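Asks: Sending over a structure as structure tokens; questions will come in a sec.
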Amino acid sequence: MRMNKRHEGQEITNMCKWMASVGLIVGVALFLLSFIASAYNKDYFLTIISLGIIGASMFMFGFGLFMGLLTETYHRAPRENV
């Protein structure tokens, strides 16, 4: 499937938004599970992993948003001969 150049930045932003949403849901679920499953969480392993997943999702969303905006700006910029 070929992407339309006009909506390419929006596609990148939507993809990263979807991936970050899944990561946040998994991270929050593990974070809440870490309070309940105390036998598995002796060294706060689940808490550390869940906070890492949440942080990675936030970073991925920020980077994807930046790339989507950069792509949109690049395609809308006027063409000049340099």
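All of the numbers you see were taken from the coordinates with simple rules; none came from a lab. Because the structure is predicted, anything quoted here is derived from the model rather than measured. Please note: Cβ atoms are built from the backbone with ideal geometry, for glycine as well, and neighbour counts cover all protein chains shown.
Asks: What ³J(HN,Hα) values, in whole Hz, does the Karplus curve 6.51 cos²θ - 1.76 cosθ + 1.60 give for region 15-23 when θ = phi - 60°, with x put for Gly and Pro?
Replies: Listing the rounded values in order: 5, 5, 5, 5, 5, 5, 5, 5, x Hz.
Asks: How far apart, in nm, are the 7 Å Cα→Cβ label points at V28 and F45?
Replies: Simple spin-label model gives 2.6 nm for this pair.
Asks: Grab the Cα-Cα distance for M15 and L70, subtract it from 0.36 nm times how many residues apart they are, and report the gain in nm with one decimal. Before the final figure, lay out each step's value.
Replies: Working: separation 55, 0.36 × 55 = 19.80 nm, distance 1.51 nm.
Taking 0.36 nm per residue and subtracting the Cα distance, the gain is 18.3 nm.
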